[in-house]
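In what follows, a structure is listed as structure tokens, so that the remarks can point back to it.
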Amino acid sequence: MTQTPPKEDQMRIQKLRDLINDYRYKYHVLNESTMSEAAADSLKHELAQLEEKYPQLITPDSPTQRVAGQALDKFQKVTHRTPMISLSDVFNRDEVEAWVERIEKMLPGTKHEFICDIKMDGLACALVYVDGELKQAVTRGDSRVGEDVTMNVRTIENVPLKLRENQKYAHMLRGRTEIRGEIVMYKNDFDALNQKRQKAGEALFKNPRNLAAGTIRQLDPRLVAERPLHFVGYDVLREDPDDVPSNAVGYAMMQELGITTSGQTRVQTSIDEVMRYVDELDNKRASFPFNTDGLVIKVNNRSQFEQLGIVGKSPRGAVAYKYAAEEATTVVEDIVISIGRTGAATPVAVFEPVDIAGTTVQYASLHNADEIARLDVRRGDTVIIFKAGDIIPQVQKVLTELRPKDAKAIDYPSELARQYPELEFIRPEGEAVYRVKGASGPLLLKRALQHFASKGALDIDTLGEKNVVALVDAGLVGDLADIYMLQEDDLLKLERFAAISAKKLVHAIAEKKRPPLERFLYGLGIRHVGTQTAIDLVNHFTSMDTLRMATIDQLESVDGVGTVVAESILAWFADEDNIALLEKFTDLGVEPYFEKKTGKLVGKSFVVTGTLESMGRDIAAERIRALGGTFQSSVGKDTDYLVAGGKVGASKLKKAEIYGTSIIDEATFLGLIA
């Protein structure tokens, strides 16, 4: 049964189409780049997924149903005998396997070979040779009608004006032979041109692909001849299809006839071989002379390729494998504020997880209020995300064309008051950053270090409040990790320490280089992450690396972790200081470990209310956790026992009765933990 699309999805589809069409027109027709190709691919992929979900909304003019570009009026238009259609994109092994499964269903029992070649980032062009002589060069255009750019292409040094005589392929020098390929500018040539323009005080060219396309569309061939372009072939067409029985033969023909190819072509017989080659080229592609963002995978047998036919505007027998994008688009779900160790309030964009450069990214620092204003980023906005230095995610641009009507501008002071009602903030004159009022960096560090060393966290003996103050005031500790660098000689310079006390503290700190992961996590002082939440998170994710990579949905799947807590965790891991701190801990040999909880209380949850005669509530919580149980602050549906001491609150007793929680006295509790 066809699913009825919600109104917001219908609007999203139309907005995506409008934006993609605008980008493609400027990029392919005007040679202007309004966003990277990776970002445009990300938008197109989202549109394709929505159209797959709601096929009744697919229209003939959708960007997914046609090839980009159209012939420019200043060149003669030429109709391609065979359309220069585009390829469908795949982004991972699963999508490659799904493509092969579709092929095997259409041609059951047929053994397939695949030919792989690097996908060049250039201007697609067809060279037409008649009886071996170059007669015409035509750009792809809109796939059916291109532009006659013969005079310009004749100036490209590596395009043979006459095909090379060859006895083995002599028949290719008779009749019509069409060579298809890409016109590219090599990276070194592009850099050299820009260096000359920089010295001359002229505007720099943006990228090799746009420069190659713009050059070929120049009316004066003499200008084209001044710029070093290259033609790299990838296909051969003949009127008799038997002349080219396989794509591998086509590549061999091109090389023998004097046509440059990429030199990266390889025939594979299985998906495993294809994927190994995908990885191999990914490792090598930075060294190629031209830019590339992936490779083409084709059915090698041309007869099989033709039998598979075309679906929409793409052949079934070939796909374009796109490598992990350096940029991608996503939707901002929230903007949360993180308080760093210096008291600085740093805004963080939390968004739908997206893959960039091979990693999953779901948050990015927005730095400060000025940056939010500059970007005009709002909740619900579609944004382009990129990795600065391939490490730190950043918001590059807001695609305002896709902005929801109800998206409100961010009032930063109001956001601070809403998210941190217990704190006051000031923005010092001349600074871009809001800071906690009355809390200097040293004061916050002292509080953080006291918490880190406290009994509920790492429980570092002799590192109490007075010693913490002395260490920070003396400048011996600048962050939490610095305590692992302390030496006895450092401490002996302070009035508070003698030989025995200095040795004792250094030894106590060294003993905590392998703390339980839940204690380490709690000790970091992440807002809203208390002792029990830290335990629940660690039991679920089992390692700090896994927790760092968790999505907001994965975090919220942990009992007791709601949206506020999940976003606070994401914001903490998005802070550059915190990332550096974790790396510093690792460098200093601090290795928190996970140990699966065992004991007779595993799976049991307790709430203690009233006053216990035998122990305080904190000690009771420790005893419960030591036996694998869960200590809760309030009664819920999953609470197994309510321990009722003296002066019991009526509300908790009532909740326990409603949820069917067992109400036990102190004596029964002591029996359970004995």
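What Kirkwood hydrodynamic radius, in Å, does segment 7-65 give when the mean of 1/r is taken over all pairs of distinct Cα atoms and then inverted? After inverting the mean inverse Cα-Cα distance, the result is 11.7 Å. With respect to the chain, whose longest principal axis is taken over its alpha-carbon atoms, helix 617-626 is tilted by about 50°.
Among residues other than E333 whose Cβ falls under 13 Å from its Cβ, what is the net charge (Lys/Arg +1, Asp/Glu -1)? Computed value for this residue: -4.
Which of G214, V184, Y129 sits farthest toward the positive end of the charge dipole of segment 112-250, with +1 on the Cβ of Lys and Arg and -1 on the Cβ of Asp and Glu? The residue sitting farthest along the positive end of the dipole is G214. Report note on the peptides 249-255, 93-99, 282-288: ranked by the mean count of other C-beta atoms within 10 Å, highest first, their order is 249-255, 93-99, 282-288.
Could you rank the peptides 166-179, 458-471 by their average count of other C-beta atoms within 10 Å per residue, with the highest value first?
Numbers: 166-179: 15.8, 458-471: 17.7.
Ranked from most to least packed, the peptides come out as 458-471, 166-179.
Based on DSSP, what percent of beta bridges with both residues in the chain are antiparallel, to the nearest 5? It would help to have the intermediate numbers written out before the result.
On the way: 73 of 87 bridges.
If we restrict to bridges inside the chain, about 85 percent are antiparallel.
Calculated [222 nm] ellipticity per residue, helices only, for the chain: -10500 deg cm²/dmol; basis is -39500 (n - 2.57) per DSSP H run with n ≥ 4, divided by all residues, nearest 500. I'd like the distance between the alpha-carbon centres of segment 164-234 and segment 578-629, rounded to an integer number of Å. One Cα centre to the other: 65 Å. Mind checking the angle between helix 499-510 and the chain's longest principal axis? C-alpha axes, 0 to 90 degrees, to the nearest 10. Result, in degrees: 50. Charged side chains reduced to their Cβ positions (Lys and Arg at +1, Asp and Glu at -1) give the chain a dipole of some 500 debye around its Cα centre.
Note on the chain: Cα-only Rg and Dmax are 32.5, 104 Å.
Take the Cα radius of gyration of segment 38-166 and divide it by 2.2 N^0.38 Å, with N its residue count; two decimals is plenty.
Working: Rg = 18.7 Å, N = 129, 2.2 N^0.38 = 13.9 Å.
Segment 38-166 yields a ratio of 1.34.
Percent antiparallel among DSSP beta bridges with both residues in segment 603-659, to the nearest 5?
On the way: 1 of 8 bridges.
Of all bridge pairs located within segment 603-659, approximately 10 percent are antiparallel.
How much of the calculated P(r) for segment 77-322 lies past 26 Å, in percent of all Cα pairs? All intermediate terms of the calculation are to be shown ahead of the outcome.
Details: 12444 of 30135 pairs.
For segment 77-322, the fraction of Cα-Cα distances above 26 Å is 41 percent.
Based on the Kirkwood approach, the hydrodynamic radius assigned to segment 464-535 is 13.4 Å, with every pair of different Cα atoms included. Sorting 656-663, 134-141 by average packing, meaning the other beta carbons within 10 Å per residue, from highest down gives 134-141, 656-663.
Values in this text are rule-based calculations from the coordinates and carry no lab data. Treat the numbers as computed from the prediction; the structure is a model and nothing was measured. With ideal geometry, Cβ positions are generated from the backbone for all residues, glycine too; neighbour counts draw on all protein chains shown.
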